[in-house]
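The values are calculated or read from the model by the stated rules, or taken from the named source; none is laboratory data. Nothing here was measured: the structure is a model prediction, and the numbers come from that model. So basically every Cβ, Gly included, is an ideal-geometry build from the backbone, and we count neighbours across all protein chains shown. Areas reflect the complete protein model, heavy atoms only, side chains present, ligands, DNA and RNA absent. Shrake-Rupley method; radii C 1.70, N 1.55, O 1.52, S 1.80 Å.
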Amino acid sequence: MGDPGSLVTEGRAGERSWCLRRVGMNAEWLLLEDGNEVTVGRGFGVTYQLVSKICPLMISRNHCILKQNAEGQWTIMDNKSLNGVWLNRERLEPLKVYSIHKGDHIQLGVPLENKENAEFEYEVTEEDWERIYPCLSPKNDQMMEKNKGLRTKRKFSLDELEGSGAEGPSNLKSKISKLSCEPGQPVKSHGKGEVPSGKTTGAHVNPGPAKVIELHRKKKKASNPSASQSNLELFKVTMSRILMLKTQMQEKQVAVLQVKKQTKKGSSKKIVKMERELQNLQSQLCAEQAQQQARVEQLEKTIQEEQQHLQGLEKEEGEEDLKQQLAQALQEHRSLMEELNRSKKNFEAIIQAKDKELEQTKEEKEKVQAQKEEVLSHMNDVLENELQCIICSEYFVEAVTLNCAHSFCSFCINEWMKRKVECPICRKDIKSKTRSLVLDNCISKMVDNLNSEVKERRIVLIRERKGKRLF
């Protein structure tokens, strides 16, 4: 069979396809297939999985989406990514679709410090399939299938390992699993007459002693490791013998199966002899496993004693460390209390200063308020004494100044002149009247600063006089 990649290339030879070319790299290009939606992110459910080597969170789980619109034009959408999608150096609004064209620059994420360009920058291009295919990035589902295949192979190997050994009950408390067997029980095979090799069986038995050796290595600091060391050496020797016996037994099983296939029904002496040898090997294996079980129990007992001794030592060291930590904590507590006392004094001084400033500010505010009230009182006196019409005893409304320099309301002096043509104050003849706009403006501004009752009374008065003038 040929290379699968060559078959794919030959199937699409001569075609041109759209893709996102990784800037500055001839690898990790993203293919834009017609009719398919392309999702990019660091999550598992996307078309292309991008994992930043510099900043793991630079690319969001579902960073952006590329798809064709109704006219067949490719578009891109920022799917609420953390660090954004940039089209021709301008950041895209989230969840808004933008059209992309050949030659456009697409940036995923932002540049880190001291770097001009972002880690993931692409250029929209259309190339021949033969040019694109060697540079394409694998899709996320292809990577998952590959990993799944590896896990399946590993699981199958483990199943073979479990099936290659002899079956039987085991009461071991050790870290070794599936070593005991029942005499006379054949080894479980896979398929028709297939028996796993001795190498596979060895791979199955190895994890047991490895765990025991690791436990023993952790307890090396105990006071007397010589007993456990000797037991460990015996354990290794027995394990090698068990592996050798298993290999021989499996080879004998294969030979028995082959002889059964090749020998005629009449001659079975050779088969009986080989089965007897096989049973002897199984008996030896079970005996070795029983001895191994005793040695493992002895080794576990020794390790447990050393562990208890080590725990005692650790407890003593822990008490001393605890005392030191307690003393250190007390010292830190004293220094912290001293610092808190100093801070308390400083805060009290600051609070006193602030209280003093507040009292001064309060006194100044009271002084300003008193001055304001005095000014308002004086202004009211001026309004009452100088800016009131002596005819109506109200503030001037449309003030008029006579030739004698006395001022009156326009309405009041007109009503007065219907009876007498002389000044109500000095009794001089009235020869002229002059409207005083400055006086009116001054009165209006002063009335605006008075209470609402005075304002309303003045408005009502003005309306009444305008109504009388019309009639």
Area of residue 393 that stays accessible when all protein chains are in place (1.4 Å probe, Å², to 10):
80
If the chain between residue 98 and residue 139 were fully extended at 0.36 nm per residue, the gain over the current Cα-Cα distance would be 12.4 nm
Once amide hydrogens are built 1.01 Å from N within the peptide plane, the residues lying 5 or more places from residue 136 or on another chain with amide H under 5 Å from its amide H are 29
Honestly the range 243-391 on the Cα gyration tensor test (a ≥ b ≥ c root eigenvalues; a/c under 1.5 rounded, otherwise a/b vs b/c for prolate or oblate) is just oblate
Once both label points are put 7 Å beyond Cα along the C-beta direction, the residue 44-residue 248 separation in nm becomes 4.9
SASA check, residue 323, accessible area w/ 1.4 Å probe, all protein chains in place, rounded to nearest 10 Å², comes out at 150
On the full set of protein chains, 1.4 Å probe, figure out the accessible area of residue 21 and give it in Å² to the nearest 10.
60
Could you give the length gained on full extension between residue 234 and residue 355, defined as 0.36 nm per residue of separation minus the Cα-Cα distance, in nm?
35.0 nm
By its C-alpha gyration tensor, with a ≥ b ≥ c as the square roots of the eigenvalues, how is the range 17-75 shaped: rounded for a/c under 1.5, else prolate for a/b larger than b/c, else oblate?
oblate
Mind giving me the nanometre distance, one decimal, between the label points for residue 463 and residue 33, set 7 Å out from Cα along Cα→Cβ?
8.4
Keeping all protein chains in place and using 1.4 angstrom, which order do 239, 446, 25 fall into by accessible surface area, from largest down?
25, 446, 239
Using a Förster radius of 56 Å, what is the FRET efficiency between residue 455 and residue 26 based on their Cβ-Cβ separation? Nearest 0.05, please.
0.05
Heavy atoms only, 1.4 Å probe, whole protein assembly: order 33, 233, 90, 121 by accessible area, highest first.
90, 233, 33, 121
Could you tell me the distance between the Cα centroids of the range 30-74 and the range 288-359, to the nearest Å?
50
